[in-house]
Structures are given as structure tokens and as C-alpha cells.
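Engineer: Let me give you the structure first, and then I'll get to my questions.
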Amino acid sequence: MSLQSGSSPPVEKTPYEIIGGALEVRRIVDRFYDLMDSLPEATAIRAMHAQDLNPMRERLAEFLNGWLGGPRTYFERQDRKCIMSAHRSFAIGEAERDAWMTCMRQAMEDCGVRDDLRAVFDRAFMRMCEAFRNR
């Protein structure tokens, strides 16, 4: 993403920087999992996770940090899994995709992510969720 500043050359910022860095990513992730834990429409996807969501909160935050152009901690972990392989064993269809997207959309809105950024992230998350579908 390029941001213009007066007559200076464009300053390239990563989506990670634009969204607010690690603290903001973690805030979104925490809200996402809080919603997954509480919304009735997320019951099926919540059941795919362990009782303790803390390890998943950490992994998703690390993944998103790197995916958005920030620290690549997740991708450097010895115990990391390919994101596609990590989801392959779960039955993921339209309902599961839509439940995940509902939680992420609400988390981004609740955390004050700008409308234009939410639109960009929404398209990217939808492509990712579509790739996970196996039914």
C-alpha cells in the first residue's frame, strides 16, 4: 500500500503497519476468539477447537502478523503447520466459512479497523476461507 505525503516520494507501508502493529492484531484476534466462544452461529467452528483457546490466540496472532507484513514469528516456528494442512482434517463448508467470517468481520469492526481496510481484509480472508473448504 502506498501512502502519499506532500511532494515526498510515496512511503510504502505494510498492512501490518497500517492496521497498527502487533498490539492491534492481537486485539482483533482476542475479540475474534471471544466472539467465537460466545456467538450461537459460531458453535460449530468453536467445537473444532480445544477448550483452551489461548494457544490458538497466540498462533493466529503470530500468523496474521507475518501474513500482514510484520514479524514472521509464526513462519519461523519449528512446530508451525502449513495453514492448509492444519485445517484439512476439519469438515469445512459454507456454514463454517460463514461463521468464521462473521466472527472476523465483527472483531475488525469492534476493534475499529477502518472501513477501507476491512473491505481489503474481508476479501483476503474470504479467499483464504474458500481455500479451506473441503465439502
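Bear in mind that the values in this text are calculations on the coordinates, not laboratory data. Predicted, not measured: the structure shown is a model, and the values here were computed from it. Cβ: placed from backbone, ideal geometry, glycine included. Neighbour counts: every protein chain shown.
Engineer: Of all the Cα-Cα pairs you can form in the chain, what percent are over 19 Å apart? Could the numbers behind the result be given before it?
Structural biologist: Values: 4819 of 9045 pairs.
Value for the chain: 53 percent of Cα pairs lie more than 19 Å apart.
Engineer: Compute the projected area of the convex hull of the Cα atoms of region 16-74, averaged over all viewing directions, and report it in nm² to one decimal place. Each step should come with its number before you reach the end.
Structural biologist: Working: hull surface 16.2 nm².
If you wrap the Cα atoms of region 16-74 in a convex hull and average its projections, you get 4.1 nm².
Engineer: Continuing with this model, one more query. Between beta-carbons, use under 15 Å as the cut-off and find the net charge around ASP52, counting Lys and Arg +1, Asp and Glu -1. Intermediate results must be reported in sequence, preceding the final value.
Structural biologist: Numbers: positive: ARG46, ARG57, ARG59; negative: ASP30, ASP34, ASP37, GLU58.
That sum, taken over residues with Cβ under 15 Å, equals -1.
Engineer: Once you charge only the Cβ atoms, +1 for Lys and Arg and -1 for Asp and Glu, what is the size of the charge dipole of region 21-132 about its Cα centre, to the nearest 20 debye? Could the numbers behind the result be given before it?
Structural biologist: Working: 17 positive and 19 negative charges, 83 e Å.
For region 21-132, the charge dipole is close to 400 debye.
Engineer: Further question on the same structure: By count of other Cβ within 10 Å, fewest leading, how are VAL113, VAL11 ordered?
Structural biologist: Details: VAL113 22, VAL11 11.
In increasing order of surrounding Cβ atoms, one gets VAL11, VAL113.
Engineer: For the residues ASP30, ASP115, what sequence is obtained by ranking on other C-beta atoms within 10 Å, fewest first?
Structural biologist: Working: ASP30 16, ASP115 8.
Ranked by crowding around the Cβ, least crowded first: ASP115, ASP30.
Engineer: Shifting gears a bit: How high is the FRET efficiency between ARG80 and VAL11 when r is their beta carbon distance and R₀ equals 22 Å, given to the nearest 0.05? Don't skip to the end; give the middle numbers.
Structural biologist: Values: r = 31 Å, r/R0 = 1.41.
Once rounded, the FRET efficiency stands at 0.10.
Engineer: If I take every Cα pair under 8 Å that is 6 or more residues apart in the chain, average their sequence separation and divide by the length, what percent do I get for the relative contact order? Walk me through the numbers before you get to the answer.
Structural biologist: Values: 125 pairs, mean separation 36.6, N = 135.
Averaging sequence separation for qualifying contacts and normalising by length gives 27 percent for the chain.
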